[in-house]
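What follows is a short report on a single structure.
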Amino acid sequence: MIRVAELVKVFGGVRAVDGVGFTAADGAITGLLGHNGAGKSTTLRILYGLLKADSGTAHIDGVDVALEPLQAQRLTGVMTDAHGLYPRLTAREHITYFGELRGLTRQAIAKRTGWLLDALNMEAIADRRAEGFSQGERMKVCLARALVHDPKNLILDEPTNGLDVMTTRSVRNLLQQLRAEGKCILLSSHVMQEISTLCDDVVIIAAGKVRFHGTPDALRRQTGIDDLEEAFVSVSGVEPC
Amino acid sequence: MPILAVWCKELRDAVRDRRSVMSLCIFPVIGPLMIFFMFNQIIDSVDQAQDITLPVIGAAAAPDLIDYLRQNGVAIETVEPVADGAFSSAQDEYVHGAIAERRWNFALVIPPDFGEHIAKGSAVNLELQYDSSRQREAAKVARVENLLQAWGSETAVLRLLARGINPALVRPATVARIDVASEQARAQTILGMVSMFVLMAAFVSGVGIAVDATAGERERKSLEPLLVNPVPRLCLIVGKWLAASVFSMAGLALVLVLNLTALHHVPLEQLGISFIMGSRELAGILLATLPMAFFATALQLLIGLFARSFKDAQVYIGLLALLPMLPFYYNLMNDTGREPWMNLVPLLGQNMLLTDVVSGRAPAMTDFLLAGLCLMAWAALFIVAAAQQLKRESLLYS
């Protein structure tokens, strides 16, 4: 379970995150929705321990991220906004490297890697070097290495951004499978479509503040707008141009 | 063990990187090539000075002088004077032309009235024409000139004796040059160059990993995903550091072996340099230089983390490789000798130890320890600073 409360982060006088609070439940996919620059990535970066909040708290399974960052990272699998790979390592070696960094045994890594390669449909590229991977192949490697330790909680920054239909579909299937296993999944997106097909819960952020938190149906009811995209625009308070 | 994981990954990555491997393999070859080139130059010019063919114009006028030159091992190529005779402008042009066309490198011109001058006891002008830009011929020209001077002195002595005058009267003092430098000390300058190469190797060989593991990680955006793993930053840096150190040490050892092999194959005895390199000296050199690998790579990692981009890092770190030249030049300027504080200055201490070892003085064990520990202390400081830099938010998000 992921819980943030009263989170504030200021960059050079700008309040990028301004009192954000929400809870992402286990066995559910929670979508963090907002325009570019709304504060989604900053919130997630605080959660995975690479930014320090100026005030407020962030907990992962009850562990305070600010006080025990390594313990919180142990409980979490993260796909960051940056998708950098090592061009001279193969897909399998990327997954193995992260498994070793997390202290898994060789057998555990091999077993888990086999499962991930299959689940993400990437056996064909498993032993190819990352140099020359397509955007979709890169994203799959990033997702696979984030999942190598079978984390209880998942934080994914725009996981399907720029992917083709087939890749998007295999990522979605995997996420739904993990939800069924009872994992807590928090992902961000700026595409309403993405959120509405995948998420049980939606948190809409604009200008560093939470504007809405609830199911997509609740969003329709609250705004009285049937089209979710329109509802999102009206809630985030930005005029369409 | 995360340090081991990082270490393995960085080494595997580097071994597959053509640039890293190339920089490890190319640099060590430069030193031996320079040694071969330099020594062959020196030895060649010494050799050739023994083997001179001197074109002489107007030889017929001075049979005594020609005999004297021949007795001293100079082969004479007699050239008939141009019609107008020696010291005419046509004669000059002919000689200049021959030198310019490289048929000759130098020539001796004897005037036709040489015999008359000698008989009268008056001074005679000989001309030795040469091209001073031909460095390789300098030794030959100097030898011919010396022989001509010696013949002049001998003739003078004979004239004085014939007139019943003690030749010592006109030569109140003679200078004898006695070189007291030991053969080992003479070898020092050359071996000093070798130690400079060895120290540079420590900086050059690990560069690939050091840049790739810092500025490279940032530029290809793989640093953020790396840092979400629950591994203390110090462990990450130490893993990268030890991997870069492996390359650095390998380069260092390679340079050492290749340079020493080259020195063994150069005929040093011909230059009056004796060069003894036993296992004791070899161990001493390794002991003095291996800590350098850890120092150099630690400094490179720290700088790599401060650089804004890959290119930035390469420029800064490339300049670092010039650092080992500083103690080399300092030693050229400084002749006050070795002082204890020098052990504590990185590079200078190592340079001192190396020069001591190669010139046959065994430095005290405490000197090795002091210099090595000092380097490692600096390295540790750089590593801690690098770990600190890795914790800064602005490193990832600026």
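The values are calculated or read from the model by the stated rules, or taken from the named source; none is laboratory data. All values derive from a computational prediction rather than experimental measurement. For neighbour counting, all protein chains shown are included, and Cβ atoms are generated from backbone atoms with ideal geometry for every residue, glycine included.
Quick check on A:GLY27: is it within 22 Å of A:ARG172 (Cβ to Cβ), more than 13 Å from every other protein chain (Cβ to nearest Cβ) and surrounded by fewer than 17 Cβ atoms within 10 Å (Cβ to Cβ)? So A:GLY27 passes the test.
Take the conditions (1) over 17 Å from B:LEU227 (Cα atoms); (2) surrounded by 21 or more Cβ atoms within 10 Å (Cβ to Cβ); (3) touching a Ser or Thr at 6+ places or on another chain (Cβ under 8 Å); A:TYR48 misses just one of them, which is (1). Residues considered: A:ILE195, A:ILE225, A:ILE204. Of these, the only one that is buried (at least 18 other Cβ atoms within 10 Å of the Cβ) and outside any helix (DSSP H, G or I) is A:ILE204.
Rundown of residues vs (1) without any contact (Cβ under 8 Å) to a residue 60 or more places away in the chain; (2) of a type in the set (S, T, N, Q); (3) over 17 Å from A:PHE22 (Cβ atoms), yes/no style:
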position: A:LEU178; (1), (2), (3): yes, no, yes
position: A:GLY182; (1), (2), (3): no, no, yes
position: A:ILE195; (1), (2), (3): no, no, no
position: A:LYS209; (1), (2), (3): no, no, no
position: A:ARG221; (1), (2), (3): yes, no, yes
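Answer yes or no: is there a residue in region B:286-305 that is out of contact with any Cys (no Cβ under 8 Å at 6 or more places or on another chain), surrounded by fewer than 17 Cβ atoms within 10 Å (Cβ to Cβ) and touching a residue at least 40 places away in the same chain (Cβ under 8 Å).
Taking every residue of region B:286-305 in turn, none turns out to be out of contact with any Cys (no Cβ under 8 Å at 6 or more places or on another chain), surrounded by fewer than 17 Cβ atoms within 10 Å (Cβ to Cβ) and touching a residue at least 40 places away in the same chain (Cβ under 8 Å).
Checking each residue in region A:1-30 for being farther than 18 Å from A:HIS213 by Cα and charged (D, E, K, R) picks out A:LYS9, A:ARG15. Just a yes or no: is a residue in region B:260-279 hydrophobic (A, V, I, L, M, F, W, C), touching an Asp or Glu at 6+ places or on another chain (Cβ under 9 Å) and at pLDDT 90 or above? No - not one qualifying residue is present in region B:260-279.
For region B:98-119, how many residues meet the condition of being assigned to a helix (DSSP H, G or I) and surrounded by 10 or more Cβ atoms within 10 Å (Cβ to Cβ)?
Here the count works out to 8.
The set of residues from region A:143-166 being part of a loop (DSSP other than H, G, I, E, B) and either in contact (Cβ under 8 Å) with a residue 40 or more places away in the chain or of a type in the set (D, E, K, R) (or both) comprises A:LEU147, A:VAL148, A:HIS149, A:ASP150, A:PRO151, A:LYS152, A:GLU158, A:PRO159, A:ASP164. Kindly provide the set of residues from region A:132-148 that are facing chain B (nearest Cβ under 10 Å) and among the charged types (D, E, K, R), ordered by number. Answer for region A:132-148, where residues must be facing chain B (nearest Cβ under 10 Å) and among the charged types (D, E, K, R): just A:ARG145. For A:ASP64, are the conditions met, namely being touching a strand residue (DSSP E or B) at 6+ places or on another chain (Cβ under 9 Å), within 14 Å of another protein chain (Cβ to nearest Cβ) and not small (Gly, Ala, Ser)? So A:ASP64 fails the test.
The single condition from (1) closer than 23 Å to B:ARG218 by Cα; (2) within 9 Å of chain B (Cβ to nearest Cβ) that A:THR43 fails is (2). Just a yes or no: is a residue in region B:101-109 among the basic types (Lys, Arg) and at pLDDT 90 or above? Looking through region B:101-109, none of the residues is among the basic types (Lys, Arg) and at pLDDT 90 or above.
The test for being surrounded by 18 or more Cβ atoms within 10 Å (Cβ to Cβ) and either within 14 Å of chain B (Cβ to nearest Cβ) or closer than 25 Å to A:ILE204 by Cβ (or both) does not hold for A:THR57. Restricting attention to region A:72-94, the residues being over 13 Å from the mean Cα position of the chain (by Cα) and either facing chain B (nearest Cβ under 7 Å) or in a loop (DSSP other than H, G, I, E, B) (or both) number 9.
Among the criteria (1) more than 14 Å from every other protein chain (Cβ to nearest Cβ); (2) in a helix (DSSP H, G or I), the one A:GLY182 does not fulfil is (2). Residues in region B:297-350 that are under 22 Å from the mean Cα position of the chain (by Cα), under 22 Å from B:LEU24 (Cα atoms) and assigned to a helix (DSSP H, G or I): B:GLY318, B:LEU319, B:LEU320, B:MET325, B:GLN350. Each residue in region B:240-257 was checked for being touching a Pro at 6+ places or on another chain (Cβ under 8 Å) and buried (at least 24 other Cβ atoms within 10 Å of the Cβ), and 2 pass. Would a scan of region A:124-131 turn up a residue that is closer than 26 Å to B:LEU234 by Cβ and either among the β-branched types (Val, Ile, Thr) or crowded, with 21+ Cβ neighbours inside 10 Å (or both)? No, every residue in region A:124-131 fails to be closer than 26 Å to B:LEU234 by Cβ and either among the β-branched types (Val, Ile, Thr) or crowded, with 21+ Cβ neighbours inside 10 Å (or both). Only one entry of B:ILE209, B:ILE237 meets the criterion of being part of a helix (DSSP H, G or I), buried (at least 24 other Cβ atoms within 10 Å of the Cβ), within 14 Å of chain A (Cβ to nearest Cβ) and under 31 Å from the mean Cα position of the chain (by Cα), and that entry is B:ILE209.
Okay, residues lined up against (1) of a type in the set (Ser, Thr, Tyr); (2) farther than 26 Å from B:SER279 by Cα; (3) buried (at least 16 other Cβ atoms within 10 Å of the Cβ); (4) within 14 Å of another protein chain (Cβ to nearest Cβ):
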{"site": "B:MET333", "(1), (2), (3), (4)": "no, yes, no, no"}
{"site": "B:LEU353", "(1), (2), (3), (4)": "no, no, yes, no"}
{"site": "B:ARG361", "(1), (2), (3), (4)": "no, no, no, no"}
{"site": "B:LEU369", "(1), (2), (3), (4)": "no, no, no, no"}
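Can you tell me which residues in region A:95-130 are in contact (Cβ under 8 Å) with a residue 24 or more places away in the chain and more than 14 Å from chain B (Cβ to nearest Cβ)? Those that are in contact (Cβ under 8 Å) with a residue 24 or more places away in the chain and more than 14 Å from chain B (Cβ to nearest Cβ): A:ARG112, A:THR113, A:LEU116, A:LEU117, A:ALA119, A:LEU120, A:ASN121, A:MET122, A:ILE125, A:ALA126. Considering only residues in region B:1-28 that are surrounded by 22 or more Cβ atoms within 10 Å (Cβ to Cβ) and touching a helix residue (DSSP H, G or I) at 6+ places or on another chain (Cβ under 6 Å), the one that is farthest from the other protein chains (Cβ to nearest Cβ) turns out to be B:PRO28.
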